[in-house]
Every structure is written in C-alpha cells, then in structure tokens.
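Below you'll find the structure, written out as structure tokens, and then a few comments.
A short reminder: the numbers here are calculations on the coordinates, not readings from a lab. What you see is a predicted model, and the numbers here were worked out from it, not measured in a lab. Here the Cβ is made from the backbone with ideal geometry for all residues, glycine too, and neighbour counts use every protein chain on show.
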Number of protein chains: 4
Amino acid sequence: MTMQRAGSGMRAAIAGASGYAGGELLRLLLAHPEIEIGALTAGSNAGTALGAHQPHLAPLADRVLLDTTAETLAGHDLVFLALPHGQSAAIAGRLGDDTLVVDCGADFRLADPAAWEHFYGGAHAGTWPYGLPELPGQRERLRGARRIAVPGCYPTAVTLAMFPALAAGLAAPDVVVVAATGTSGAGKSLKPNLLGSEVMGSVSAYGVGGVHRHTPEMEQNLGAVAGRPVTVSFTPMLAPMSRGILATCTAPAAPGLSAPALREAYEAAAKDEPFLRLLPEGQWPATSMTLGANTAALQVALDERAGRVVAVIAIDNLTKGTAGGAIQSANLALGLSEELGLPLNGVAP
Amino acid sequence: MTMQRAGSGMRAAIAGASGYAGGELLRLLLAHPEIEIGALTAGSNAGTALGAHQPHLAPLADRVLLDTTAETLAGHDLVFLALPHGQSAAIAGRLGDDTLVVDCGADFRLADPAAWEHFYGGAHAGTWPYGLPELPGQRERLRGARRIAVPGCYPTAVTLAMFPALAAGLAAPDVVVVAATGTSGAGKSLKPNLLGSEVMGSVSAYGVGGVHRHTPEMEQNLGAVAGRPVTVSFTPMLAPMSRGILATCTAPAAPGLSAPALREAYEAAAKDEPFLRLLPEGQWPATSMTLGANTAALQVALDERAGRVVAVIAIDNLTKGTAGGAIQSANLALGLSEELGLPLNGVAP
Amino acid sequence: MTMQRAGSGMRAAIAGASGYAGGELLRLLLAHPEIEIGALTAGSNAGTALGAHQPHLAPLADRVLLDTTAETLAGHDLVFLALPHGQSAAIAGRLGDDTLVVDCGADFRLADPAAWEHFYGGAHAGTWPYGLPELPGQRERLRGARRIAVPGCYPTAVTLAMFPALAAGLAAPDVVVVAATGTSGAGKSLKPNLLGSEVMGSVSAYGVGGVHRHTPEMEQNLGAVAGRPVTVSFTPMLAPMSRGILATCTAPAAPGLSAPALREAYEAAAKDEPFLRLLPEGQWPATSMTLGANTAALQVALDERAGRVVAVIAIDNLTKGTAGGAIQSANLALGLSEELGLPLNGVAP
Amino acid sequence: MTMQRAGSGMRAAIAGASGYAGGELLRLLLAHPEIEIGALTAGSNAGTALGAHQPHLAPLADRVLLDTTAETLAGHDLVFLALPHGQSAAIAGRLGDDTLVVDCGADFRLADPAAWEHFYGGAHAGTWPYGLPELPGQRERLRGARRIAVPGCYPTAVTLAMFPALAAGLAAPDVVVVAATGTSGAGKSLKPNLLGSEVMGSVSAYGVGGVHRHTPEMEQNLGAVAGRPVTVSFTPMLAPMSRGILATCTAPAAPGLSAPALREAYEAAAKDEPFLRLLPEGQWPATSMTLGANTAALQVALDERAGRVVAVIAIDNLTKGTAGGAIQSANLALGLSEELGLPLNGVAP
C-alpha cells in the first residue's frame, strides 16, 4: 500500500488518539485539506503503534503514540483533547494562549459550578466557549476562539432537536428525552456490560432517574434559548449498534400551536445550517442516515391528542456528536470554512 | 433426527402458522405439557411445508400448511388466530362457542368503537376479554373465558410498567412513552425498511406524533386502573435486534411522592405475579434478560429534579408480548396452571 | 415475581457459574426434570449474587456465589466444571469417584500428550471419556461414566459435519474447515476486540494458520472414525452475533462418489440421532435454527466441478457446543433419557 | 440545510441509482473532485425522489429518478450501470463509443461463453476490459478504456487474496474459499431471508456446492495469473452485518515453501498498490477496517502442519467490491489519478 496526501497549513495534535473519539478525529483530519496531523498521544497505550488500536486508519498505522504531556502537545497550532474528564484543565493550562485547544471532554461545558459539582463531583474547572455553532448566537462566539468545549453527544442531539421549538416559545420548558446510543458512546472501557455478547441483540437502559451527567448540559442549552429555566427528564438507552444516537424529545405544546406553525419554526431554524437537515414531512430519522457524517437528521410533529411537540433527531455520536462537531467549531475558530473536511453524507446501508 | 413427545389433553389449531407470532406459538406449544398441536393454517403459504417458514422448529418441519378457513380450524379445543387485523371476526364467528378462540390480532382489544375507528378505520368488530392477567381484576375475567383478545406488544409492556403507579395514584394521568422494538414486531412483511441491510447498525423512529395504533389500547388499560382518563404520548423506535421491547414510561410524580413509597407500590404489584419481575434496586432492564421468556423485567425510579416517575420495562415482544401472553391467558381460560409451558428465563447472552 | 419448580432426584454443583458456559448450564438445568441445582461457585466473582452476572436467570438471582473449592463442590451427585483450562484436574482429583464430574474445559479432551503440549503447553492432565454421543461407539462409553470431557464447540460442529463422510470413506482425510462463531465463544474476558463497538457490523479472522487449539481435537475425532490420520486446516472467524457456530467443512471426494450416495451416508448417520438434523435437500443451515437448542442442523453437497464434499453445519456454541452437550452426556452417564431437559427447537427469529 | 460543492469537469449518469450499488456510487461521486453527478435513473422507482431510497445522501434528496433508457443516459462523459444482469448490453449498445460505460453487473466479466452459459444461462453478451487494476498487467489495459466490466465483489476479494501466491507459484491451483458477506451483497431484493429479523443474530450458508455464479470469475482471474487452470471450491455465507466481505482462501503450499518466502511474495505484490494493504504480521483482517473504504486488508500465513497457504482478506463489498472499484477503474480510463475520490480509511468502530 502506498501513501499519499501531504498536510498543509496547520498542525494538530491529538491527545487520546487510541480511543474512539481520537480515532474519529483522525479519520476526519486525514481528509481535512487544511489541517495536518501532528503528535498523537495516549495514556497507558503510549509507546505502541496506532495501528494496534485504530486498524482502520491505514496511513497512520505505524505512528507511535507518545505520552500525553504538555511537552508532547506543545508546538502545534491546535490541540484536540480526548481525555477522561478531569484531565483537561492541567494540560490546557500549560499550552499557550495562542494555541487553539479543543476539549472533547466535559470539563469546561457547564457554566454553573453547582451543576458541575452535583453531577460530576469535585471542583469546577471553568467554562470555555461552547462548541455548538447552531445554538443561536454561538457561531459568532466561536470565531477566533482559542479554547472550545465540545458539547456532549446527547446534548448535541437534544439541543438541535428542541431549540427551534423553545426559542420560538412553541413548547413548555418541561422536556422529556429518551435517547438510544450506540456503544461507542461509552468509549473503549473494558466493562462486562459493553462486551459484544452482552449488547448484541439487546437494548438496555442505564442512568435512569435524572442522574445522567448530560442532563444539566441539556438544561443549560435549552434554558439559554428559551430565556427561562428548562427542566429535562432524560433516559438513555444502549442499543446494539456501534455508532449513532436517536433521541426522541417531547414537551407540552404551547396553547393554540398548529402543525404548520411548528413546521415553519423548524424550517427557519434549519434553512441556513449546513449540518442540520430537516427531513421532508413523512420521513423519520434513522441513525444510518448520518453514520460517519457531521449531519443531524431531524423531524418534528405535533401530537394533537396528547398536546405535545415531538422532535426526533439522529446523529452519529462520534462525528457530529464529538469529533465532527469539534472540527466544525475548530474551523470557525481558525477562520476556515465551517464545513471544511466534514462529510455530509452517511455511509449506508 | 428422531421424534419425541406425544401430545396430551387438548388440541390447538394455529391460524397464521407461517408468521412470526405463529412460529412463537408453536415453539412454546411444543413444550407445553397439556396442549397438543393440531391444524396449522396459513394464507398465501398454504400448501407448503412449515419447515420452509419456521426452520427452527425441527419436529414440525414436514407439516403441510392448510388454508385458513373455519373448516380447517374446526374440531379443536382451542384456536389461536395470528392473522392480519380485520380477518379474525369472520373466522371466530364460525367457530363454536365451546371452542376457546385466542386472537393475537387487534380486532377485539378496544372497548371504544370511536377509538377503533379513529386508529384502525372501518367498523369495530367488538370487544373480547382482554388477555392481560396482571391487570387488576383481569385474571378472574379470564378464567373460563371462551374468547380472548391478546394485548398488543407495546401495550403489554407499557401497562405492566405503569399500572402500579397509576393504580396507586402516584403519578399524573399524563404519560410519555418511548419504546424500542425488535424488527419481528413488524412481522414478516416484505418492506424495504425491514431488510437486514437497512436495520442493522441503525435505530429509527416511526409512527411518531400520536398515530401509532397501540396508543388507545395503552390509554384504555391505564385509564381503567387509574379510574380516570389517561393520555399517552407514544413514540416507537425500531432497533437492530430481532426480538424485544424496551419501553421507557414517565409521568409527573404525585405531590410529595417519595422514592421508598414508589418502590413499595411496585413491590406490592409484582410480588404475586409469576411473570412480572421487579429488578433489585440499581439494576436496569435489558431485553436480553427476557429473550424467549414470558417474563417482564421492570424497574422504577423517582426523578426528584424533574418531578417524574420513570418506569423502564423489557419484554420479548413475541413471547410475553404475543404468543406467551396468549398461552398464559389460555391456560387460565382452560383451567390449567397459569404458568404451564411458559419459560421464565431468557436466552442470554 | 413468585417462584416455582422444586428439584427432584439429583443435585448438581456448577463451578464457574458466573461465566457464559455456567449460565447456559443453569438455564438448561432450571428446566431439567431430574437434576436440581446445588452449589454455584466462581473465582473472582465469589461472594456476589448470581443476578449481577446472569440477569436472565430470574429464579436464581439471589443465589450467592461460593468460592470454587473441592469443599463447596463436595456432596453433589454431579459437578459441572466450567473453568479456565488447567484448573479442572486439581478440583476433580478431590471429588470422589462416585461423583459424576463433567468438565466443560479442554483439560481431558485429548488422548495424545504431544498434541496437548504442542497446542496448550504444560503437562497433559489425562484423558476422560469424550462427551460426544454421536461419535460412532461413543454413546456406550458414556453410559455410567463418572468422568466426562465435554468436547470443544468447534470440534463438536466439525466432527458432526464430517464423520458421516469420513466413516464411510467418501472423502479424503484432508479437511479444510472455515467456521464463524458468535462472540460468546470467547467467553466473558474483557478484551478490547470483544467489545460490542468492535464486533458489531464486522467479521474478523483470528487464530489463522493452524494454531487454534481445537485443531488437534478435530483431527483426533475424525481420525478415529476414518481409521487413519486426518489433517485439518482450520480457520476461525468472529461474527457479529452472541451465539452460534456455522462451520463449512470440505474434503476431496472419493473417486466415483455420487451425490445420492453421499446423501444416503448422511441420512444413515442422522436417522437415529436425536440432536443431529439433516436438513431437506435445498435448505442450508443458519445458526438461528439452533439458537438455544441442543440441535445441530446439517447439510451436505457434492461439488462435482471441484471434486469436493462440502458439509455445512450450524450449532449453538453454548448449547450443543458446550452446556447442552454436557447435559446430554451427563444424562447418559446417569442412566437418564439422553434427551432429558434439552430443547430441540431454536429461538427464532 | 444548505448545499455546497459544484461539479467540475466530467458528468456521470448512474443507472440503478435507487439500489445499493447506485447509492454507494453516488456517495463516492459526491466527494469526487473531477466527476459531477448527472442523470439518475431507475426501474420501477423512476418518478420518485432519490431521498426516499437513499436517505443518507442529503444533497441529492430532491433529485427525481428518471427511467433507465439510452436517452436519459445519453450526453454524459461516463455512465455507470448498476442493473440486474442481462440488461446492460442493450443499453450499452446505444451509448456512443466515446462514452465511458462502466458496468457494475456481471454481463461482461467472463471471457468464456461456456462458463457464462453454465452459471448464468442464456447467451453471453461479450467481454469488456476487466476492472481490477491490481491484477498483473491489467492496469495498463484500463487506461483509456471506454468499456469496463467491474468485478464481482467476491472475485475482487479472492483474486486480491490469492494472486500473489499463485502468480509466484507458491500454491497449488486448487483453492478452497469460504467467505462471509454482509447482506447488502444480496441487493435490495425483498426476500424473506433478507429481512432483518432473519439475518440479525445468525450466520447462514447459501449457494453451496460449487453453484455460486462468482466461481468461474475467480477461476478465470486466478488461472490467468497462475498460467494454468485453477479450480476454486467456493462457499459463501451471509453474516449479520450490512457491509463487508471476509474471505478465507487456502491452497496447498508448494513443496519447500517457507513462511518468509510467502510473506515476501505478498509484500512485493502489495507494495505499490494504493488500495491493497498487507497487515503487519500478527494482525488479522476485520471488515470494519475497510467499511466505506476502497482498501483491501490482507494477511497471509503458512500452515506448516496442514501444508497450506492461508490468505484472509477483508473488503467492503459495496466500496472496493463494487462502486469504489468501479470508480478506481474509471479514474484510470479517464486519465485521472487512480486514487481520486476514493477513501482509504474505514469508518470504525
């Protein structure tokens, strides 16, 4: 096998390159015309070849993983951190202010220290510009940013599904979310319940009862667009697939809401967004539509009997939900076209 | 391969033996000590061997499928109908009143003709004793019955998950349900979206916005136990597995409800039920726990932040959700032990 | 949930009850009319409840796992060992000669110490009666036995597929086997390549080039029926399913072999076997036919262009390939009907 | 959702755009920098929007499918035919000699009319340049070609796996192949055995005994490189995944062959090939390595006990096995860089 493609302008380091988020960052960056891949680092996998962990990335198979330290990550134009939560602050503090640091972890997502302490425990590390350009007003805050907190995968899906209704006052601030994720959302951790034998052929619940850590992030985002506090009841499920999130989000409809008015609000919200795709009426999202793509596939309905808005959205948790979203925001921060290097089309069937 | 097992007391005919519900009825009846398998009938598959359609049922492989008519079904102690909706009434009308007729279809489930017409269209066929023994008071109605309407798979799951809360007044009559089903729930119909290539690796939504036909059945059951009208917002999903339903059901908690009081209500509801299994605290349902079994695995939580009761339940849609539930009710109707011939344990991993 | 079923005559202990083989033994024994479940033991999981490891086995959820020692296993009529290889000999040596010990591990399968040392390393523990009743002459050796070595899952499949041809001299002793297994064949070990994210949507090869430990066991079995040495080239694959083995086995056809003569030999081999099912001509095995069943589904063809016999077989690796096969042989050893407690029918779809 | 990307130099029509091969052609062409997408045609789906059939291709969702006729396909620089076999000749005959016609079907793959008639029946349509650039000498034949027969998916895998051994005389011309494919290999045909309920959780055999139509194509390719007739015994399997082929190919080793000499031959064969990736020693192919990519992942071993060469290869049946291979050859025919627009990296996990 021969090699091709030279990098160009900017160089990126990836911390956590042997994990699933790291692998997806690399897959996308290999096709990015303006970002070259620099140092690859890892924790316990340092010293081994990337090919042992990411065998699908042929051109990088022989690259040896370095230790994740400020030294190995220094000297790059941008650094992607894909680390367990709690580790990003120390690293980021030692990278210069002129380096773009994009944190795929949770450390800098929440503005409210109390919410952080309640859901994550320990001290709140701070708040960075939140990497969801579709959130009203957020795109401008990301242009030129040097620190970006990449949203969680579920909050990405839920925020994109409900912001049009809540921003327009078409639904009450009392949201119920039930979402199914593929197993890569749990990372590469070696837990018995993540073994293939356990997950294939089975859907299971976890983190039920308002305890999932992504809950306050959903409430923060939706509260910001609604202009008042929003409560989210969130139940996640593990589905027998490697990738993808399908989220069903519902809230009481505003009095007098009509189906055409609801549709119109969603059309307006989606029409200038490169990665938010409102499906034609009658077609419902499937995660396969977005596999490997940075696209979110969205549909909305008004359940007149039950008096509820129901929005359903599909994303790839590793692409739009993590690595693709990270690159989308990084493009903005670097002054590049927001869409650069990001696939629009799913790999299906 | 040699053959074994002689039948015993009663003989059952199965109409629709080449479909998924028919196959599961046969799998269970082959292990039932008191029911012998009689005529097997089909629609367009009449005249072919069962082995071409149900290759997992070795002992019946050579049985030839008859036409589904009152004549081929006559002369049995019980008849299971697993037919497309709309076909059961004509057949049942020609089977004698002393024959136990168990309809796995929708025709006789709903008491309200208006609900039937709204969701199914056409004339309402009538109402038969509803085959969910766990519903308070229902077990007695099924003893000695000669007609049984087997509940839909989703209503089975949702009713079992929410009746303890609603019967005890612990939740408001405003329920949100999001449930994932395996593809066998859609039957053997040859539709492109049911092809393996489409469903593997993907979760998709369908029937969103209050249009799924199982909605009024859920409202009927839960309304009966609550003693007042209950509204259900129901969103189904198709998951990449052959069997299983995982339903998340949530409703606003009654004022002042405590987690121990909620748990106690569920413990009381489950403790004498042979097929309703309340999991230990901290363990959440997975459909694999119930694969091939007549068991429902249930868990409940109080989300104090969002003020909601959240119940999650797993069943096998073909077993407890269809064929196993049908046999459980038939056992009662026939004066047999309710549990006879019904597996308690899932096939896992 | 209420409990039912009392045990009857004999009591069995299971060592390794928290693993996949142990779980399948328990699932089958729960439905066995003559064997009661006694002590359940484990290694590092000792002291925890079985329900944490085998959540599909509702009636045993509260049973606490004991340490695996000769003491905890003593006092039973039979003991099933489902342990990592190398551990069975020490335990078995301390169990009395009147106890039936059924070893699901590899320790006592091979007759040839040199083969053991080459493939497993270390000292050969000895040879016990081989628990494959279908092997010509073997059923008699198992009646009344007090020690049984349960065959490996792949050797079970391959031996059943090829013994009719080799015993009748219809194929040359030069067999090529390529077999796909579900992931439960690898046990519950926490390896990255067994994570759901890795195995779903992917078939992979492993143990290629004649190094898989089941190879000498296949050669031993087929050599015994052929009456001369048989060479097996064996390549295993991991398939995205929890259970099942599909093995394609091929060898050069004997000169002048006709398709009817080949079929006849297979019909003769299968006709008195309760668990060996030769499919009708034109139907090919699928693992779903045998999921959860003790049945092997077999088909054979003569490829006249290539001059080869091609036999394809499906089994459930945990049932016929491990726990079901173990109980089948135990039934013989205990003087019970060979078929007792063993499902014939797969759980499908 | 906004639209982007303008086409450039050449325009391509796709016949059969609503099928799986057509969808993959479109997914790849949407990212191809030198080929613009022109007319999209279909059979019974003509008149409907592409989005109903290929919902993962967001930018083309509104494109209406035309009838597949010479007229709708005329006026393009190149035409991809993804039609049921037997339909390509008539269409191609009416497209000018200056149009590049790339047939993804079987009609023009075989040189031997007798083999065509034996395996396909009916009259042989002819022979076009065979689109497998890796086959020795073939790359030159494809440069400037105006007609290309795209290889079958299995023959692509098997030829790439075995040509290094056979070209170098390292293996006897007596090859056994067992290969597992994802269900998309069977196309979008509405057959019961392709329903998700049937294929999930199950591996099955089909086309056993030397009857699969891809057999003579393998023999043709391998015979050409070996310089003498090669016999292939081929058994295909259907695996529970949407995409991917994993083929195990084995043949008797040449006398005296050493493992290093075998490895060297494979290294030499792969080293200048952009899409043939010989894995490092000790790593074995998985289809996930190549999902959505035009890469073949290959490994080889010498089984010294059995005296056989064993080569295992993974490809994506829709990419390298169909649409990617088609574009690779079209690139050569059009004088473009062979690698243009073709992904190297799999989408994993």
Grab the residue from chain C whose Cβ hugs the C-to-D rotation axis most tightly, plus its distance in whole angstrom. C:178, 2
At a 10 angstrom cut-off on C-beta neighbours, averaged per residue, how do the peptides D:138-145, D:51-58 rank from highest to lowest? D:51-58, D:138-145
Quote the charge dipole size of chain A about the Cα centre in Debye, to the nearest 20; the model charges only the Cβ of Lys and Arg (+1) and of Asp and Glu (-1). 320
If you fit an axis through the alpha-carbon atoms of helix D:259-270 and take the longest principal axis of the Cα set of chain D, what angle between them do you get, 0 to 90°, nearest 10? 20
Relative to the Cα centre, what is the charge dipole magnitude of segment A:67-170, using +1 at the beta carbon of each Lys and Arg, -1 at the beta carbon of each Asp and Glu, and rounding to the nearest 20 debye? 280
Around residue D:316 (Cβ within 15 Å, Cβ-to-Cβ, excluding residue D:316; K/R +1, D/E -1) the net charge comes to +4
About its Cα centre, what dipole magnitude does segment A:1-136 give when the only charges are +1 on Lys and Arg Cβ and -1 on Asp and Glu Cβ, stated in debye to the nearest 20? 380
On C-alpha positions alone, give me the angle between the axis of helix C:20-29 and the longest principal axis of chain C, in degrees, nearest 10. 80
Estimated FRET transfer efficiency (residue B:143, residue A:228; beta-carbon r; R0 41 Å; 0.05): 0.15
Estimated vicinal HN-Hα couplings, Hz - segment C:134-147 in sequence order (Karplus 6.51, -1.76, 1.60; Gly, Pro = x): 6, 5, x, x, 7, 4, 5, 5, 8, 4, x, 4, 10, 9
Once you have a ≥ b ≥ c as the square roots of the Cα gyration tensor eigenvalues for segment A:121-201, tell me rounded if a/c is under 1.5, and otherwise prolate or oblate according to whether a/b is larger than b/c. oblate
Beyond a 20 Å Cα-Cα separation, which of these cross-linked pairs lie in this structure: C:191/C:320; C:271/C:320; B:191/D:191; A:320/B:191; A:320/D:320? C:191/C:320; A:320/B:191; A:320/D:320
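Under 9 Å from the Cβ of residue B:10, count the other residues' Cβ atoms, weight Lys and Arg +1, Asp and Glu -1, and hand me the total.
Charge balance in the 9 Å sphere: -2.
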Would you work out if the protein assembly as shown is rounded, prolate or oblate? Take a ≥ b ≥ c from the square roots of the eigenvalues of the alpha-carbon gyration tensor; rounded if a/c is under 1.5, else prolate when a/b is larger than b/c, oblate otherwise. rounded
Peptide A:170-178: average number of partner chain Cβ atoms within 10 Å per residue? 4
Any idea what the relative contact order of chain D is, in percent, if you count C-alpha pairs under 8 Å spaced at least 6 apart? 17
What are the ³J(HN,Hα) values, in whole Hz, obtained from phi via the Karplus relation 6.51 cos²θ - 1.76 cosθ + 1.60 with θ = phi - 60°, for each residue of segment C:179-193 in sequence order, with x given for Gly and Pro? 9, 9, 10, x, 6, 5, x, 8, x, 8, 5, 8, 10, x, 6
Can you divide the C-alpha Rg of segment C:81-170 by 2.2 N^0.38 Å and report the result to two decimal places? 1.14
Shielding by other protein chains, B:295-307, mean Cβ within 10 Å: 5
For peptide C:209-215, compute the average count of partner chain beta-carbon atoms within 10 Å of each residue's beta-carbon. 4
So, counting K/R as plus one and D/E as minus one, what does the shell of residues with Cβ under 9 Å around residue C:88 add up to? -2
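For chain D, what is the mean residue ellipticity at 222 nm derived from helices alone (per DSSP H run of n ≥ 4: -39500 (n - 2.57); sum divided by total residues; nearest 500 deg cm²/dmol)? Could you put the intermediate results ahead of the total?
On the way: 10 runs with 85 residues, N = 349.
Taking each H run of at least 4 residues, the total per residue is -6500 deg cm²/dmol.
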Which Cα, out of C:208, C:224, C:275, lies furthest along the positive dipole direction of segment C:195-349 (beta carbon charges, K/R +1, D/E -1)? C:208
Tell me whether segment C:207-349 comes out rounded, prolate or oblate; compute the Cα gyration tensor, take square roots of the eigenvalues as a ≥ b ≥ c, and use a/c under 1.5 as the rounded threshold. rounded
To the nearest 10 degrees, how steep is helix D:215-226 against the longest Cα principal axis of chain D, on a 0 to 90 scale? 60
Points 7 angstrom from Cα along the Cβ direction at residue A:206 and residue D:259: gap in nanometres? 3.9
Estimate the FRET efficiency between residue D:48 and residue B:98 by the formula 1/(1 + (r/R0)^6), using the beta-carbon distance for r and 51 Å for R0, to the nearest 0.05. 0.45
For residue A:237, enumerate residues with amide H under 5 Å from its amide H, sequence gap 5+ or separate chain, H modeled in the peptide plane. A:179, A:180, A:181
